[in-house]
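Report on one structure; see the data block that follows.
Please treat every number below as a calculation from the coordinates, not as lab data. Because the structure is predicted, anything quoted here is derived from the model rather than measured. Note that we place each Cβ from the backbone using ideal geometry, even for glycine, and neighbour counts take in every protein chain shown.
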Amino acid sequence: MIWICRFLIGLVVIDNLLAAVLFLFFPDGFAQSFDLESAAGRIAIQSIGILFLMWCVPYIYALINPIRFRVSHIEACIMQTIGLVGEYFLLLFLPDSLVFTPASLQRFILFDAGGLILLLIALWLSYRISPWKPAKPINS
């Protein structure tokens, strides 16, 4: 069952790494969908790619061992939830003047919702394999 956890987490890691690579090396392909068609816009899109790489750190630990690095797995779930909720609120309060941005935000919402579902299923499975065991206190 741990391999199922790793597979589900791996799907999210691959999606995040693919997004990172695309945003970093092919930012012009996203410029119009974010209303960022300028040199500064290109840098902003590449910055999002760097953020995707940063966000992968706890996901990769969870991928290595979802039981041993359960805290990283929980952190990944929290990060995914923050992204989903944040993007939803951005979409709710988006000015009508932005033409292409709503579709981009909707794609991010689907991306993060799908990732969150996979991560939560993997977390549930990891608890079925090995229930949470709090750390033992350090004797002083």
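Entry note: the stretch 1-77 has Rg to Rh equal to 1.13, where both radii use alpha-carbon atoms and Rh is the Kirkwood radius. Within the set [x] 23, 17, 15; [y] 33, 15, 14; [z] 130, 16, 8, the number that semi-axes √(5λ) of the Cα gyration tensor in Å takes when calculated for this structure is listed as [y]. In terms of other Cβ atoms within 10 Å, D112, D15, D96 run from fewest to most in the order D96, D15, D112. Neighbour counts of C-beta atoms inside 10 Å place V12, V85 in the sequence V85, V12, starting with the fewest. Among M1, M79, a tally of other beta-carbon atoms within 10 Å of each Cβ gives an order, fewest to most, of M1, M79.
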